[in-house]
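Reading through the structure tokens given below for one structure.
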Amino acid sequence: MMKPGLAALGRGRRLLGEQLGRTAVAYAVLVVALLLTGIAYLYVNHDVEQRERARFEESTQATKRAVDRRMDTYIDATLDGRGLFAASEHVTREEWSSYVAGSELERRYPGIQAIAYAERVPLDKKGSFVERVRREGLSSYDLRPAGARYEYFPLTYVAPSDKANRPLLGYDFYADRVSRDAMEQARDTGLPRASGKVDLGKAGLSKQSGFLVYTPVYRHGAPDETTDERRQALQGFIVSVFRTDKLLGGIFRGEPGPRVDFEIFDGAEFTRANLLHDDDGVLHAGDASYDPRFEDMSTLEVAGRIWSLYFSTPPSFEPGWRSNLPLFVLFGGLAISLMLFGITWVLSNNRIHAERVGLELEAANEELENANRDLEETNRELEGANRELEAFSYSVSHDLRAPLRSIEGFSQILLEDYAEHLDDEGRGYLGRVRAASRRMALLIDDLLDLSRVTRTEMRRRSVDLSALARDISEELRKSQPERKVDFEIEADLVAEGDARLLRVALWNLLENAWKFTEKVPDPRIEFASTLREGRRVYRVTDNGAGFDQAYADKLFGAFQRLHSPEEFEGTGIGLATVARIVHRHGGEVWARGRVGEGAAFFFTLGR
Amino acid sequence: MQALGKNRTPRRARGEMKNKIILLVEDNPDDELLTLRALKKNGVLNEVVVAHDGVEALDYLFASGPHSGRDAGLMPQLILLDLKLPRVDGLEVLKRLRSDERTRLLPVVILTSSKEQQDMLDGYGLGANSYVRKPVNFEQFVRAVEQLKLYWLVLNEAPPGGV
């Protein structure tokens, strides 16, 4: 077996190990929860990013479609002019003006500054052409820029022919390289072709940038199937003058939805020189310090020209409620993780505490078992002592009485058979011998009673104390029929206890009262009870000799007498027997008395 | 029936009812003397056979040992039995009496100093007919013996057959 100290040490070590084990569970929970939180955060973040990007891309697509659509409408408008030339061999200035006026440029195509017709004028016909236009009423008409070229394409008709557009008349964009490329492409393909970005200020307009769209017009009836045929048949161009500032303004007017900032560049390079449109007026493309949430690039073909589009999220790109989700998940997850950790921690600590209590309980149990074993041992010893006592009292009862009987018996025989040999004094002495032996016999009986009270096993049951008291009073009356004693016995006093022992106790109390009322004129003995603090208190009272209250405590000790044997006979053991019986029932006994005024004995019987 | 002269009984008293024997089983010579005196004082003249222990008593009753010559058909009318006896004690004697066909019905009065409840229970349990405690006061003892004589020797009808 392990020594208690070592066992405790072992237990302590085990406990420590278990404590670490248990708190490790709490930490493990924390780590797992944090991991899950991290994963959830990344996932949600990714998801939200995806959705936002999708939203952004949707916006860019919508924007691009809108630009595309608008440009298509504009280009279509420029194509309409071709119908006029197809309808008549010669289009007059007036016809042109009314045609353009009919297309309501200002309202429907604000991006078009003017639609003009540029006639093909070979070098040799330059003079006659200028003559002819001047004859039509434009006296100051001239070809610009001046200089000798193989061919001229001066703007002949310009509509609307307002003051702002007047400088355009006679201007030859063919001289400009950017324009010439577009014109040649238009001529060769037969399709509208846009020029690169041009400075319209050079043509005499107020300083602004724009571009031109050329639609070739071929001579009436001339074949235009092949490139060569088209080059031969080319009569002139319908020139649409676009001003970029008004081209894409209000493109989203009346349309809801998320907006993106977009910039449009002519060609493939995102440079200010190529900038055609800037939605917010601040150039972002190519700005290294600009870091929008999303950006995207795209291209668009406009009348044979490649335009580059740059999209980016403006600061006002409304973050949807979802963009807060990752943070929410992160902080929520953190909070939950900490909570779980706390709960696990508390639970495992409780577990540890419970285990510690359990161990303490175990130790207490062990102690209790030890105490029990000790108790059992003591009990065995007591049983042995009891057996010895029993044997002793048996021999006292049997053997001690035998010589007494001899003493008493032979004294009597002496008195009977040898009376004449004794004088009165001798007979008196013999009488004393007899009395003494009788008293000793009583003493032995009472001692046996007393020891029996402690020795015998209690058999508890319901006992009718009133009936017992009546029985005893009858017995007492019979023992001295000449005495008249008034017994008052309360009816139906029933208690739990050992009937035989309770009888002995009541006998002693009533006999006591009987004895001590011998010398009063109207002896009265009462057995009754009262209820005090929930306990029933029984009492035997008499109006006899009483006793000095100062000695009340001594009453219940064995061999304690308050009266001389001559006064009242008795062995002084009766009340000790009563006390033992009452105590064995878990009760208490006490007495009240006054010399000459009677005595009262009270007792309880446990609960 | 004849009193048996050849039987060596330690003490005997002869009287009118000499055909009726009383067996007194008592080891204490004082008690023996006092009991015999009490019987005499009450005018009991029966032959009293005294056995001083259980073995002697059983020998007498079953006519064995020193009593082997005794007429085994002659049984005492009353047995006064002390409990505390040398060799075989009173209760054992009682037990053997009650388990033997010949002595099964003999009246047995336990006459003892003991007031122990266990002794009383055992005595009655083994079939004692009475249990009398010897009082210390000799006058009371004489009165008790008187009652016994009146009851067992005068009033009581012995069981029919053998005895």
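Of all residues in segment A:388-410, those being within 23 Å of B:GLN140 (Cα to Cα) and within 9 Å of chain B (Cβ to nearest Cβ) number 16.
Within segment A:432-465, track down each residue that is of a type in the set (D, E, K, R), within 11 Å of another protein chain (Cβ to nearest Cβ) and within 24 Å of A:SER411 (Cβ to Cβ). Talk me through it step by step, then tell me what you get.
We begin by selecting, within segment A:432-465, every residue of a type in the set (D, E, K, R); these are A:432, A:434, A:438-439, A:445-446, A:449, A:452, A:455, A:457, A:459-461, A:464.
Adding the requirement that they be within 11 Å of another protein chain (Cβ to nearest Cβ) leaves A:434, A:438-439, A:445, A:449, A:452, A:455.
Those that are of a type in the set (D, E, K, R), within 11 Å of another protein chain (Cβ to nearest Cβ) and within 24 Å of A:SER411 (Cβ to Cβ): A:ARG434, A:ARG438, A:ARG439, A:ASP445.
Return yes when A:TYR99 is over 24 Å from A:LEU276 (Cα atoms) and touching a strand residue (DSSP E or B) at 6+ places or on another chain (Cβ under 6 Å) and no when it is not. In short, no. If you go through segment A:516-536 and keep only what is within 60 Å of the chain's Cα centre (by Cα) and within 17 Å of A:LEU468 (Cβ to Cβ), you end up with just A:ARG536.
Take the residues in segment A:411-425 that are at the interface with chain B (Cβ under 10 Å from one of its Cβ atoms) and surrounded by fewer than 19 Cβ atoms within 10 Å (Cβ to Cβ), then tell me which one is nearest to the chain's Cα centre (by Cα). Among them, the one singled out is A:ILE413. Counted as qualifying within segment B:73-163 are the helices (runs of 4 or more DSSP H) with 3 or more residues that are modelled with pLDDT under 85, namely B:117-125. Taking (1) small (Gly, Ala, Ser); (2) over 21 Å from A:ALA203 (Cβ atoms); (3) more than 60 Å from the chain's Cα centre (by Cα); (4) not assigned by TED's automatic domain parsing to the domain that holds A:ALA203 in turn, A:ALA77 satisfies each apart from (2). Just checking, does segment B:94-114 include any residue being farther than 24 Å from B:ALA158 by Cβ and of a type outside the set (Gly, Ala, Ser)? There is no residue in segment B:94-114 that is farther than 24 Å from B:ALA158 by Cβ and of a type outside the set (Gly, Ala, Ser).
Scanning segment A:4-54 for residues that are at pLDDT below 70 and among the polar types (S, T, N, Q) yields a single hit, A:GLN19.
With respect to (1) outside the structural domain of A:GLN50 (by TED's automatic domain parsing); (2) in contact with a helix residue (DSSP H, G or I) (Cβ under 7 Å, 6 or more places away or on another chain), the lone exception for A:THR344 is condition (1).
Taking A:VAL100 as the residue in question, decide whether it is of a type in the set (A, V, I, L, M), touching a Phe, Trp or Tyr at 6+ places or on another chain (Cβ under 6 Å) and surrounded by 15 or more Cβ atoms within 10 Å (Cβ to Cβ). Lay out the reasoning, then the answer.
Details: of a type in the set (A, V, I, L, M): yes; touching a Phe, Trp or Tyr at 6+ places or on another chain (Cβ under 6 Å): no; surrounded by 15 or more Cβ atoms within 10 Å (Cβ to Cβ): yes.
So A:VAL100 does not fit the description; no.
Given the structure, is B:SER113 among the polar types (S, T, N, Q), away from chain A (no Cβ under 12 Å) and either closer than 20 Å to B:VAL48 by Cα or in contact (Cβ under 8 Å) with a residue 12 or more places away in the chain (or both)? No: the conditions fail for B:SER113.
The values are calculated or read from the model by the stated rules, or taken from the named source; none is laboratory data. The model shown is predicted, which means the values in this text are computed figures rather than measured ones. All Cβ positions, even for glycine, are placed from backbone atoms using ideal geometry, and neighbour counts span all protein chains on display.
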